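Participant: Before we start, here is the structure in question, set down as structure tokens.
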Amino acid sequence: MKKLINDVSQVVPDMLNGLVALNPHLALLQGKTIVVRADAAQAAARGEVALISGGGAGHEPAHGGYVGAGMLSAAVSGEVFTSPSTDAVLDAIRAVAGPAGVLLIVKNYTGDRLNFGLAAEIARAEGIPVEMVIVADDVALSAHGQHAGRRGLAGTVLVHKIAGAAAVQGAPLAAVAQVARDVIAALATMGVALTPCTVPAAGKPGFTLADNEIEWGLGIHGEPGIERGALVPADAIVARLLQQIAGDLKLQRGDRVALLVNNLGGTPASELDIVADAALRDLRARGVEVERAWAGTFLSALDMAGISLTVVRVDDQLLSLLDAPALTSAWPTLGGHLAKTPVKPAPAAPHAKRSDRMSADARLRRVIEAVCACLTGAEAVLTDMDQRVGDGDLGISMARAAQGIRDEIDEWPAETDPAAVLRAMSATIRRVVGGTSGPLYAILLMRAAATLDSVKTHDARAWSAAFSAAVEGVSELGGAHPGDRTMIDALHPAAQALQAALDGGKNEEAAINAAVEAAVQGAAQTASMTPRRGRSSYLGDRALGFADPGAHAVGLWLAAVRDALAASR
């Protein structure tokens, strides 16, 4: 792997430092990977609705490149191809929100929906008006297939532009959100790749393509597309993409549209121009009037060679919003003014005061530390498993969670209040882990804590009930059920086995051993399941033969819990 980077772990901070240094209208929240408008407070005071978007890094210039007057108020960046954490989104909301409220513009990926959605709920509870819209413009995927739904692609940038212009005009939150939804309903995007991309942390491409192969209908995280085929001329590629797009939008002769030709990262400008020419000719031949058109790098997939085409149906109102000025790094290009890299303090989250802290020799602490050691040791295995069926970030996320727990456990409540300990662990995980894993494990711990709060004794039956409630919470938030090939396929049988063993009169040791065996068996069975949730759902039958890494991780940490409990008896 050859990359112009310093340290894999510092790719995102280094990148954002450079972006902000070159734009005097931007600032970074101190210690955060959040880009904000330098004049966000003034815009909020004028009554403008704040717009926030974001997601995993690797899509540059999205999303930080669209922060500025006329577009976004803030952009929240996760690690490469990993959704930012719930707390990172919350920090952004608190930093730019004014009386007019905040609109979250979210691409339709599970991790983004979970983290932005949970942040919106928390912000509303704090009294901040928040609405959220989901961009799902990928027409390569059926809206009703056995997968996580149509993905959000480059059309998201047009939502930023149009909704941002409406906000500048003083439209209220409900109206700005409705404009965004109208644009989303009029959007369609499809892409094609000539090469895979290489995630810096993985160090190798996510898939391989022969010299004469291309991948149709892929997403923007390095995941394979819906079909692999032979390389054909640009005109034929454009014709197929636009045929799918036109069918989805039901374009008719005389319709007015705007066109976005997007570079997925590694496509030369000359090839973009060839594609743009082909697309304009194709649309005109259909009798469609192209009112506006752009070609460039708007929302990429790191160094992937390939393009996507986005078409949006427009009218006079949408055209006026597209034409409105926007002072951002990526739309349009700024001059060469240099900034002094201003840094604003990040808003502090409220913290409860505690007098009792977790003791060094607490049994609960030893169990938690055993789980952390297990997850750290399994990083390479989980990464390898996730690269086969996902985006390769699970091992990194689990190791990051373990390190975050080690860093903060000394400040957690005493083990005499296990519910408070679980809530503290939930807060740590949601703060340090983005993607899908962070919010799912956070809700697991929160639901378990709520159950423990409702009982007076914390015996094996109480923990079993808490575990069952926790599994139900993960299923509700993530939308997964047994058989969908997710971590639920290990959690659900484990919870059932634990309760059944206790009901059958078995002791704590035998019951948790039954839970571990059920989790391991459930994880192994996912290898024969067709995925219906998460990133693996985009692979379909190509995931068969490989166990789900999230389910495998459940078996690992449950075994660590069992062994730690046995050692402490």
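Participant: Counting only C-alpha contacts under 8 Å and six or more residues apart, can you give the relative contact order of segment 472-526 as a whole percent?
Facilitator: 36
Participant: What residue among 490, 531, 475 has its Cα farthest toward the positive end of the dipole of segment 460-559, where the charges are +1 on Lys, Arg and -1 on Asp, Glu, each on the Cβ?
Facilitator: Value computed over the given set: 531.
Participant: Give the separation of the Cα centroids, segment 377-414 to segment 53-128, in Å.
Facilitator: Here the answer is 23 Å between Cα centres.
Participant: Quick one: which residues, 5+ away or cross-chain, put their amide H under 5 Å from the amide H of residue 132? H built at 1.01 Å from N.
Facilitator: Counting only residues 5 or more places away or on other chains, the set is 104.
Participant: Net charge near residue 100: determine it from the other residues with C-beta under 13 Å of the C-beta of residue 100, scoring Lys and Arg +1 and Asp and Glu -1. Show your work: numbers first, answer last.
Facilitator: Numbers: positive: 46; negative: 48, 131.
In short, -1.
Participant: As a test question: what accessible area, to the nearest 10 Å², does residue 294 have when a 1.4 Å probe is rolled over all protein chains in place?
Facilitator: 60
Participant: Could you give the length gained on full extension between residue 462 and residue 316, defined as 0.36 nm per residue of separation minus the Cα-Cα distance, in nm? Each step should come with its number before you reach the end.
Facilitator: Details: separation 146, 0.36 × 146 = 52.56 nm, distance 6.18 nm.
In short, 46.4 nm is gained.
Participant: Taking the 0 to 90 degree range and rounding to the nearest ten, how far is the long axis of helix 394-408 tilted relative to the main principal axis of the chain, both from C-alpha atoms?
Facilitator: 60
Participant: Once the piece of chain linking residue 454 and residue 269 is laid out straight, how much longer is it, given 0.36 nm per residue of separation minus the C-alpha distance between them? Please report the intermediate quantities before stating the final value.
Facilitator: Details: separation 185, 0.36 × 185 = 66.60 nm, distance 6.19 nm.
Length difference between fully extended and current span is 60.4 nm.
Participant: About its Cα centre, how strong a charge dipole does segment 407-539 have in debye, to the nearest 20, once Lys and Arg get +1 and Asp and Glu get -1 at the Cβ? Provide the component values of the computation, followed by the final result.
Facilitator: Working: 11 positive and 16 negative charges, 127 e Å.
Value, rounded to 20: 620 debye.
Participant: Round to the nearest 0.05 the FRET efficiency obtained for residue 527 and residue 506 when R0 = 35 Å and r is the Cβ-Cβ distance.
Facilitator: Details: r = 29 Å, r/R0 = 0.83.
It comes out at approximately 0.75.
Participant: Kindly report, to the nearest 10 Å², the accessible surface of residue 63 as traced by a 1.4 Å probe over protein heavy atoms only.
Facilitator: For residue 63, the solvent-accessible surface is approximately 10 Å².
Participant: About the Cα centre, and with charges only on the beta carbon of Lys, Arg (+1) and Asp, Glu (-1), how big is the dipole of the chain? Nearest 20 debye, please. Each step should come with its number before you reach the end.
Facilitator: Values: 49 positive and 60 negative charges, 122 e Å.
With only Lys, Arg, Asp and Glu charged at Cβ, the dipole is about 580 debye.
Participant: Helix 508-525 versus the longest principal axis of the chain: what is the Cα-based angle in degrees, 0 to 90, to the nearest 10?
Facilitator: For 508-525 against the chain, the angle is about 30 degrees.
Participant: Separate question: At 1.4 Å probe size, with every protein chain present, just tell me what the per residue accessible area of segment 84-169 comes to in Å².
Facilitator: Numbers: 2190 Å² over 86 residues.
Counting only protein heavy atoms, the per-residue value for segment 84-169 is 25 Å².
Participant: Quick one: if you stick a label point 7 Å off each Cα along the C-beta vector at residue 568 and residue 544, how many nm between them?
Facilitator: Going from the residue 568 label point to the residue 544 one covers 4.4 nm.
Participant: Would you be so kind as to identify which of 462, 433, 378 lies farthest towards the positive end of the dipole of segment 352-482, taking Lys and Arg as +1 and Asp and Glu as -1 on Cβ and the Cα centre as origin?
Facilitator: Positive-most Cα among the choices belongs to 462.
Participant: When ranked by the protection proxy of mean other Cβ atoms within 10 Å per residue, highest first, what sequence do the peptides 563-569, 426-432, 415-421 form? Before the final figure, lay out each step's value.
Facilitator: On the way: 563-569: 13.4, 426-432: 22.7, 415-421: 19.4.
Highest mean packing first, the order is 426-432, 415-421, 563-569.
Participant: Can I ask one more? At 7 Å along the Cα-to-beta-carbon direction for both residue 232 and residue 416, put a label point, then send me their distance in nm to one decimal.
Facilitator: It is 7.3 nm.
Participant: Please give the charge dipole size of segment 387-444, origin at the Cα centre, charges +1 on K and R Cβ atoms and -1 on D and E Cβ atoms. Round to the nearest 20 debye.
Facilitator: On the way: 6 positive and 8 negative charges, 55 e Å.
Rounded to the nearest 20 debye, it is 260 debye.
Participant: With a cut-off of 19 Å, note down the residues of segment 193-234 whose backbone N falls inside the zone around a label point 7 Å from the Cα of residue 384 toward its beta carbon.
Facilitator: It comes to 199, 201-208, nothing else.
Participant: While we're looking at this one, here's another question. So if each residue of separation counts as 0.36 nm, and I subtract the Cα-Cα distance between residue 403 and residue 46, what length gain in nm does that give? All intermediate terms of the calculation are to be shown ahead of the outcome.
Facilitator: On the way: separation 357, 0.36 × 357 = 128.52 nm, distance 4.24 nm.
Extra length from residue 403 to residue 46 when fully extended: 124.3 nm.
Participant: Shifting gears a bit: With everything on Cα atoms, drop me the angle between helix 363-377 and the longest principal axis of the chain, reported from 0 to 90° to the nearest 10.
Facilitator: Approximately 40 degrees, to the nearest 10.
Participant: First measure r as the distance between the Cβ atoms of residue 121 and residue 174, then evaluate 1/(1 + (r/R0)^6) with R0 = 22 Å and state the FRET efficiency to the nearest 0.05. Could you put the intermediate results ahead of the total?
Facilitator: Numbers: r = 18 Å, r/R0 = 0.83.
Approximately 0.75, to the nearest 0.05.
Participant: What is the antiparallel percent of DSSP beta bridges lying wholly in the chain, to the nearest 5? Please list the in-between numbers first.
Facilitator: On the way: 29 of 56 bridges.
Of those bridges, close to 50 percent are antiparallel.
Participant: Now for a separate question. Could you tell me what percent of the accessible area of the chain is made up of carbon and sulfur, with a 1.4 Å probe and every protein chain present? Write out the running numbers ahead of the final one.
Facilitator: Numbers: 12090 of 22320 Å².
For the chain, the apolar C and S fraction of the accessible surface comes to 54 percent.
Participant: Given a Förster distance of 51 Å, report the FRET efficiency between residue 356 and residue 2 from their Cβ-Cβ distance, rounded to the nearest 0.05. Let's see the in-between values first.
Facilitator: Details: r = 52 Å, r/R0 = 1.02.
Calculated transfer efficiency: 0.45.
Participant: Under 8 Å for C-alpha pairs, at least 6 residues apart: give me the relative contact order for the chain, rounded to a whole percent.
Facilitator: Working: 1252 pairs, mean separation 82.8, N = 569.
Here the relative contact order equals 15 percent.
Participant: Quote the accessible area belonging to residue 437 in square angstrom, nearest 10, computed with a 1.4 Å probe and with ligands, DNA and RNA left uncounted.
Facilitator: Accessible area, nearest 10 Å²: 20 Å².
The values are calculated or read from the model by the stated rules, or taken from the named source; none is laboratory data. None of these values were measured; they are calculated from a predicted model. Cβ: placed from backbone, ideal geometry, glycine included. Neighbour counts: every protein chain shown. Keep in mind that these areas ignore ligands, DNA and RNA; they rest on the heavy atoms of the full protein, side chains included. Shrake-Rupley method; radii C 1.70, N 1.55, O 1.52, S 1.80 Å.
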